[in-house]
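Notes follow the structure.
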Amino acid sequence: MSGPGRLKATTLILFGATGDLAARMLLPSLFGLELDGLLPDTLQVLGTARSDGTDDSFRDRARSAIREHVPGATIDEAVLERFLARLHYLPLDVTDAAGFQRLRQAARDDGGEIAIFLSTAPSLFKATIDNLEAAGLAGSRVRLALEKPLGTDLASSREINDAVALAFAEEQTFRIDHYLGKETVQNLLALRFANVLFEPLWNANFIDHVQITVAETIGLEGRGDYYDGAGALRDMVQNHMLQLLALVAMEPPASFGATAIRDEKVKVLRSLRPIDTRTVESHAVTGQYAAGAVLGQPVPAYADELGRASATETFVALKAHVDNWRWAGVPFYLRSGKRLPERRTEIVIQFRPVPHSMFASRGAQTSPNRLIIAIQPEENIALELMAKMPGLDRNGIRLREVPLDIRLSDAFADTRRRIAYERLLLDLIEGDPTLFVRRDEVEAQWQWIDGVRAAWTAAGVHPRPYGAGNWGPPAAIALTERAGVSWND
């Protein structure tokens, strides 16, 4: 549903329209929306980038991207041609003010709203926004979506946000974290707040700890310059992982609305206990992959792949605490890295053990219940329960963990699986900011991350080597095992 009082956009302007993100995600997502009849009839998509091109060449590029990234069975040729007819292209150098006047003329001036998706280097944000405003592409009927990275620390993030705020009000600004568009992430809210089973147990009285893992098997993938300037902490933890933590830990919002949900998330982010020089050695581990093998294939070390020596971390593991009533004493273990054994994003809610086992006298052991929320590559929710194994129990009762799986692909087999950007692009077009990140959230995330990085510097912490294909350096295992916890490997 559209945001309060908002009209659907009649023009969507895509900056960076010839880039990798547009080819892999944006154009296939827009086609998916077309396929389901969700795009407004009057919507035109206006692509722009520095490279030369025409409407026809852009449509050819889009056709190739859709054929490559959309399953063939879902491509309806008539729908594809209808979608391609929406596409237009205008070459543009974002530092050229005159080009923005041409962009303004190309944008349909029918009184409808304009949505802009800005996917450019952060160094170009200010020039782009200044030229948008000068050309009349700002104001109350224009909304702006910003793709990460939004800065490299709190100071640079504020600089970007200040530049945006000069032309776009906060309610017109849509900061993207594509994880929030994933169905399983949204299902986390439904799991918690639409089922009386979980919320009474969702606190320190019943939960022992929480694990959040974002593991990648890939290395630099041609992103060496960007990644080496960011590292795992800023590339993954600052945005995706802290957003997941906030959704797990937040209080029940009063309504499913942008303000209510984001108010509760920012409370969690502001309650994160700082990791400082006193705790950095025991609460943070950083690593960089050496040569090894991933999925049976040999891969080079990070420095060899990058082409130079580097002190950038490709792995990070953290022990975080949310200092409030609900989560007092409950550790949140976060880990993310490249060249790990498998691609996996998941949240593990580890419940406390039963206070007394009536089965112990009969030789049976119980294990604490776990809720595993798998986000990728497969979307799944599994609750691990204790059950009695069949038998006459003459040699004692035997208990075993039994998973109750809710595989979204099975439970909703009649529903097409969507790319995360489909939801986000549709919400941008319709003006609904619920699944976008507010400025105070971004800055609370950066404040905590900056504290970790400052503690690393002050304590002289450097990335420890780990062989590609392993779950990070051994210190990551020690981080949890000191508390009697094991990672869910």
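The values are calculated or read from the model by the stated rules, or taken from the named source; none is laboratory data. Keep in mind that this is a model prediction, so the values were computed, not measured. In this analysis, Cβ positions are derived from the backbone assuming ideal geometry, glycine residues included, and neighbour counts consider all displayed protein chains. The protein model used for the area step is the full one, side chains on, heavy atoms only, and it has no ligands, DNA or RNA in it. Shrake-Rupley method; radii C 1.70, N 1.55, O 1.52, S 1.80 Å.
Table for the structure above
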item: Unmet criterion (only one of (1) more than 30 Å from Leu385 (Cβ to Cβ); (2) among the hydrophobic types (A, V, I, L, M, F, W, C); (3) modelled with pLDDT of 95 or more; (4) within 19 Å of the chain's Cα centre (by Cα)) for Ala258; result: (3)
item: Top-ranked residue in segment 367-380 [being more than 13 Å from Asn187 (Cα to Cα) and charged (D, E, K, R); ranked as modelled with the highest pLDDT]; result: Arg370
item: Hits in segment 164-197 - residues which are surrounded by 19 or more Cβ atoms within 10 Å (Cβ to Cβ) and either β-branched (Val, Ile, Thr) or touching a Pro at 6+ places or on another chain (Cβ under 8 Å) (or both); result: Val164, Thr173, Phe174, Ile176, Thr184, Val185
item: Scope segment 37-46; condition in contact (Cβ under 8 Å) with a residue 60 or more places away in the chain and either surrounded by 14 or more Cβ atoms within 10 Å (Cβ to Cβ) or in contact with a Lys or Arg (Cβ under 7 Å, 6 or more places away or on another chain) (or both); matching residues; result: Leu38, Leu39, Pro40, Leu43, Gln44, Leu46
item: Residue tally, condition outside any loop (DSSP other than H, G, I, E, B) and either within 16 Å of the chain's Cα centre (by Cα) or farther than 22 Å from Met25 by Cβ (or both), over segment 428-446; result: 9
item: Filtered residues of segment 37-53 (kept if more than 12 Å from Ala17 (Cα to Cα) and part of a loop (DSSP other than H, G, I, E, B)); result: Gly37, Leu38, Leu39, Pro40, Asp41, Thr42, Leu43
item: Wholly enclosed helices (runs of 4 or more DSSP H) of segment 145-263 bearing at least 1 residues of a type in the set (Phe, Trp, Tyr); result: 183-193, 224-232
item: Residue selected from segment 198-229 under the condition among the aromatic types (Phe, Trp, Tyr) and buried (at least 18 other Cβ atoms within 10 Å of the Cβ), by the criterion farthest from the chain's Cα centre (by Cα); result: Trp202
item: Any hit, segment 297-313, residues being over 21 Å from the mean Cα position of the chain (by Cα), closer than 29 Å to Val461 by Cα and part of a strand (DSSP E or B); result: yes
item: Output for segment 430-468, where each listed residue is open to solvent by 20 Å² or more (accessible area, probe 1.4 Å) and among the small types (Gly, Ala, Ser); result: Gly451, Ala454, Ala458, Ala459, Gly460, Gly467
item: Test: residue in segment 447-455 that is outside any loop (DSSP other than H, G, I, E, B), of a type outside the set (Lys, Arg) and under 30 Å from Leu426 (Cα atoms); result: no
item: Search result, residues across segment 118-158 that are under 19 Å from Asp177 (Cα atoms), open to solvent by 60 Å² or more (accessible area, probe 1.4 Å) and in contact with a Phe, Trp or Tyr (Cβ under 8 Å, 6 or more places away or on another chain); result: none
item: Index of the failed condition, Asp276 passing every other in (1) more than 21 Å from Pro377 (Cβ to Cβ); (2) at pLDDT 95 or above; (3) part of a helix (DSSP H, G or I); result: (3)
item: Scope segment 117-144; condition of a type in the set (Lys, Arg) and out of contact with any strand residue (DSSP E or B) (no Cβ under 8 Å at 6 or more places or on another chain); matching residues; result: Lys126
item: Flag for Ala303 being among the aliphatic types (A, V, I, L, M) and open to solvent by 20 Å² or more (accessible area, probe 1.4 Å); result: yes
item: Candidate set from segment 134-144 (those that are assigned to a loop (DSSP other than H, G, I, E, B), at negative phi and among the small types (Gly, Ala, Ser)); member that is modelled with the lowest pLDDT; result: Ser140
item: Number of positions in segment 10-49 that are acidic (Asp, Glu), within 22 Å of the chain's Cα centre (by Cα) and farther than 17 Å from Glu68 by Cβ; result: 0
item: Subset of segment 74-120 that is under 21 Å from Arg24 (Cβ atoms) and part of a loop (DSSP other than H, G, I, E, B) - its residue that is modelled with the highest pLDDT; result: Arg86
item: Long-range neighbours under 7 Å by Cβ, at least six apart or interchain, first residue closer than 29 Å to Ile207 by Cα and modelled with pLDDT under 65 within segment 381-405, second in a strand (DSSP E or B) and not hydrophobic (A, V, I, L, M, F, W, C); result: Met386/Glu401
